[in-house]
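Chemist: Input: one structure, supplied below.
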Amino acid sequence: MNQPPKPTRLPLWRRPLGVSPGTWDYVNERTIADHYDAFVADTPLCRLDQQIVAGEFPLLNLDNSLANSVSILDLGCGSGRVALPLASRGYEVIGVDLSNRMLEVMLEKSRTAELRGSVHAVRANLVELDGFADHSIDHAICMFSTLGMIKGRQYRQQLLRHVARILRPAGKLVVHVHNRWAVLREPKGPQRVIGSYLRSRFHSEHEFGDYIYSYRGLSKMFMHRFSRRELAADLVHCGWKIDRIERVTADGQSLLHGYHFFPPGGFVAIGTKGD
C-alpha cells in the first residue's frame, strides 16, 4: 500500500519578514501543531491568559445577526486555544497564524464544537497584514508572547501599526510578552543577560532581549523578551493608548499586585486605539 508523500519543508530562504530560522522550522513542523494542545495543557500561563481574555471579553448578550456581531483578531492563534472559548462566548474570531497545520487543527476543533461559523482562519505573516481592510475588526489579542516571536523591533512595531489600522475606533488590544529581566532567575541568567547586552552593542542584527533556546526538538527557537519601558514605548509609538500594564508572576500562574522585589515573569498590556 502506497504511503502519502510527506509534506515538503519550505526552504529557509522563503521565510517571511520578521521570522527567525528557528520559528520557520517551528511553523513548518506539523507534529508541533498535532501535539500542541497536549504539550501546553499543564502550562499555568496558558490558563492565565484564558482568564485575562475572558475578563476583557466576557459573554456577549447579542442576537446572532451579523449587524450585532463583535469581531476579534487572534494574532498567532495556533490551534485555537483562545479563539474557541471566545467564539463560544459569542464573538466572531479571525485566527491568524503562519502555520497551516495549526489553522487546520483550529478549524477541526471548531467543527467538533459546532463553532464553525464563528471561527475563521487566515494564514499570514503577522507583520504583513495588508490584506485586512482599515477599520474592519473590533478588537485584537496577541497572547502567549507571540509578539516576542517576531525578530526585529521594526517588525514588531509593524504588527502593532497594522493592528491599529485594522481595528475600528475604540478597538481594544490585549498583548502578553515575557519580561527581559526574568532571565536573571533562570540558570546562568546573569551571564545570559550580559551576553545579550554585549551582542546588541557589537552586532546590529541582535537586540538586547533577544534569546535563542531549545523547544520540543528545535534548537534555534527565537524569543525577544521586553522591558516594561520597551513594551510601553512600542505601543505608544504605534498609535496605542495604554489603559494598563499588568505584571505576571514568574511561574505564570497569576497577576502580581503590590510591590515585589523579584522581577515579574512577563507583562500583559491592555490598550485602546488612539485618536
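The values are calculated or read from the model by the stated rules, or taken from the named source; none is laboratory data. Source: prediction; values computed, not measured. Using ideal geometry, Cβ is built from the backbone for each residue, glycine included, and neighbour counts are taken over all protein chains shown. Note: accessible area is taken over every heavy atom of the protein model, side chains too, but ligands, DNA and RNA are not part of it. Shrake-Rupley method; radii C 1.70, N 1.55, O 1.52, S 1.80 Å.
Chemist: Once the cut-off is 21 Å, how many percent of the Cα-Cα pairs in the range 164-252 end up in the long-distance tail?
Modeler: 43
Chemist: Looking at the chain as a GNM with Cα springs under 10 Å, which of 227, 69, 214 has the largest mean-square fluctuation?
Modeler: The residue with the greatest mean-square fluctuation here is 214.
Chemist: Per residue of the chain, what 222 nm ellipticity follows from adding -39500 (n - 2.57) for every DSSP H run with n ≥ 4, rounded to the nearest 500? It would help to have the intermediate numbers written out before the result.
Modeler: Details: 9 runs with 88 residues, N = 275.
About -9500 deg cm²/dmol.
Chemist: How much of the accessible area of the range 63-139, probe 1.4 Å, is carbon plus sulfur, in whole percent? Mind dumping the intermediate values first?
Modeler: Details: 1540 of 3300 Å².
Answer for the range 63-139: carbon and sulfur cover 47 percent of the accessible area.
Chemist: Which value in nm describes the separation of the simple spin-label points at residue 214 and residue 168, placed 7 Å from the Cα toward the beta carbon?
Modeler: Each label point lies 7 Å from its Cα, and together they span 4.9 nm.
Chemist: Looking at the chain only, what percent of DSSP beta bridges run antiparallel? Nearest 5 please. List each step's numbers first, then the result.
Modeler: Values: 21 of 39 bridges.
Bridges in the chain that DSSP calls antiparallel: roughly 55 percent.
Chemist: Can you compute the modelled spin-label distance between residue 61 and residue 246, with each label point 7 Å from Cα toward Cβ, in nm?
Modeler: 2.3
Chemist: Still on this structure: Within 12 Å, Cβ to Cβ, of residue 235, how many net charges do the neighbouring residues add up to if Lys/Arg are +1 and Asp/Glu are -1?
Modeler: Working: positive: 156, 161, 228, 229, 241, 244, 273; negative: 230, 234, 243.
So the environment of residue 235 carries a net charge of +4.
Chemist: Name the residue, out of 51, 157, 191, whose mean-square fluctuation peaks in a Gaussian network model built on the chain with Cα pairs under 10 Å.
Modeler: Ranking 51, 157, 191 by mean-square fluctuation puts 191 first.
Chemist: Moving on to the next point. So if I place +1 on the C-beta of Lys and Arg and -1 on the C-beta of Asp and Glu, and nothing else carries charge, what would the dipole magnitude of the chain be about its Cα centre? I want it in debye, nearest 20.
Modeler: Details: 35 positive and 28 negative charges, 171 e Å.
Dipole magnitude for the chain comes out near 820 debye.
Chemist: Using only alpha carbons, build the gyration tensor for the chain and give me the equivalent ellipsoid semi-axes, biggest first, whole Å. Before the final figure, lay out the partial values.
Modeler: Values: eigenvalues 157, 120, 69 Å².
In descending order, the three semi-axes are 28, 25, 19 Å.
Chemist: Let me ask something additional. To make sure I understand the rule: partners must be lysines, Cα under 28 Å from the Cα of residue 188, and not fewer than 8 residues away in the same chain. Which ones qualify?
Modeler: Filter leaves 151, 220.
Chemist: Something else: With the Cα gyration tensor of the range 45-172 in hand, give its eigenvalues times 5 under a square root as the equivalent ellipsoid semi-axes, listed largest first in whole angstrom. Could you put the intermediate results ahead of the total?
Modeler: Numbers: eigenvalues 93, 59, 41 Å².
Over the Cα atoms of the range 45-172, the semi-axes work out to 22, 17, 14 Å.
Chemist: What list of ³J(HN,Hα) couplings, whole Hz, do you get for the range 139-146 from phi and the Karplus terms 6.51, -1.76, 1.60, once you set θ to phi - 60° and write x for glycine and proline?
Modeler: Going residue by residue, I get 9, 8, 10, 8, 9, 6, 6, 4 Hz, with x marking Gly and Pro.
Chemist: Considering the options 245, 107, 174, tell which one lies farthest towards the positive end of the dipole of the chain, charges being +1 on Lys and Arg and -1 on Asp and Glu at the Cβ, about the Cα centre.
Modeler: Among 245, 107, 174, the one farthest towards the positive end of the dipole of the chain is 245.
Chemist: So which residue, out of 104, 230, 92, gets the largest mean-square fluctuation from a GNM of the chain using Cα contacts under 10 Å as springs?
Modeler: Largest GNM mean-square fluctuation: 230.
Chemist: Any idea what the relative contact order of the chain is, in percent, if you count C-alpha pairs under 8 Å spaced at least 6 apart?
Modeler: Details: 503 pairs, mean separation 49.3, N = 275.
With pairs under 8 Å counted, the relative contact order is 18 percent.
Chemist: With Cβ to Cβ distances under 14 Å as the rule, what net charge do the other residues near residue 56 carry (K, R +1; D, E -1)?
Modeler: Details: positive: 89, 172, 244; negative: 49, 74, 138, 243, 246.
Net local charge, residue 56 excluded: -2.
Chemist: Give, in nm to one decimal, the length gained when the segment between residue 261 and residue 186 is fully stretched (0.36 nm per residue of separation minus the Cα-Cα distance).
Modeler: Numbers: separation 75, 0.36 × 75 = 27.00 nm, distance 1.58 nm.
Gain on extension, residue 261 to residue 186, equals 25.4 nm.
Chemist: Quick one: length gained pulling residue 203 to residue 233 fully straight, 0.36 nm per residue minus the C-alpha distance?
Modeler: Numbers: separation 30, 0.36 × 30 = 10.80 nm, distance 2.27 nm.
Value of the extension gain: 8.5 nm.
Chemist: Under a crude label model (7 Å from the Cα following the beta-carbon direction), how far is residue 14 from residue 114 in nanometres?
Modeler: Reported label-point gap for residue 14 and residue 114 is 4.0 nm.
Chemist: Here's something else I'd like to know. Determine the distance separating the Cα centre of the range 152-224 from the Cα centre of the range 54-114; give it in Å without decimals.
Modeler: One Cα centre to the other: 26 Å.
Chemist: Would you tally the net charge around residue 149, using a Cβ to Cβ cut-off of less than 12 Å, leaving residue 149 out, and scoring K and R as +1, D and E as -1?
Modeler: +1
Chemist: Now for a separate question. What figure, in Å² to the nearest 10, do you get for the accessible area of residue 52 with a 1.4 Å probe and non-protein molecules left out?
Modeler: So the heavy atoms of residue 52 present about 20 Å² to solvent.
Chemist: Given a 1.4 Å probe and the protein chains all in place, what does the accessible area of residue 245 round to, in Å² to the nearest 10?
Modeler: 20
Chemist: I've got another one for you. May I ask you to give the solvent-accessible area per residue for the chain, in square angstrom, as obtained with a 1.4 angstrom probe? Don't skip to the answer; put the middle values down first.
Modeler: Working: 14180 Å² over 275 residues.
Ligands and nucleic acids excluded, the figure is 52 Å² per residue.
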